[in-house]
Amino acid sequence: MGRQAEGPVWYRRQQGLAKLLLESDEIICRGQIKARLPRSQITTWAVEGEDLILTTQNGPLRATLGAKGAPAWLRALDKPGPTLAEKLGLSERSSAFVPVPLLDYALGRRFSPFWPQISPGPHWQLPSCAVPKI
């Protein structure tokens, strides 16, 4: 993701200058206002004038990012973050070696071409390596 901006920020009854960093799984606020906002806890985001407004479980965060900055952040937040498979570079044409049994059903579907033969249950495991598709 990697977007960053600086400006006045209001959060939890505090106001100050801060730098906002957009990461794949959270927004980090550094400076006079310090916060880490997991993206999973941000319920809505919107732009009002030059302000980006994030609604979180701990209350709203308002950041003045400018006429161009606020809409750019809005567009970045609208894009879904990369999946774990994308971060690992996995696709239908790639393979991966997994040295331990996988216990995560969703991740296992990406790793194992044998997946259709395996059904999840209380004691299931995947083969410990994936075979490339040819």
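The values are calculated or read from the model by the stated rules, or taken from the named source; none is laboratory data. Keep in mind it's a predicted model, so treat the numbers as computed, not measured. Note that each Cβ is placed from the backbone with ideal geometry, even for glycine, and that neighbours are counted across all protein chains shown.
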Give the stretch 12-30 a look and list any residue that's in a strand (DSSP E or B), over 12 Å from ARG62 (Cβ atoms) and within 22 Å of the chain's Cα centre (by Cα), or say none. LYS19, LEU21, LEU22, GLU26, ILE27, ILE28, ARG30
Is one or more of the residues making up the stretch 67-89 at pLDDT 65 or above and part of a strand (DSSP E or B)? no
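So which residues in the stretch 30-42 are under 15 Å from GLY81 (Cα atoms) and not hydrophobic (A, V, I, L, M, F, W, C)? If you could, list the steps in order and put the result at the bottom.
In the first step, residues of the stretch 30-42 are kept if they are under 15 Å from GLY81 (Cα atoms); the result is 37-42.
Selection gives PRO38, ARG39, SER40, GLN41.
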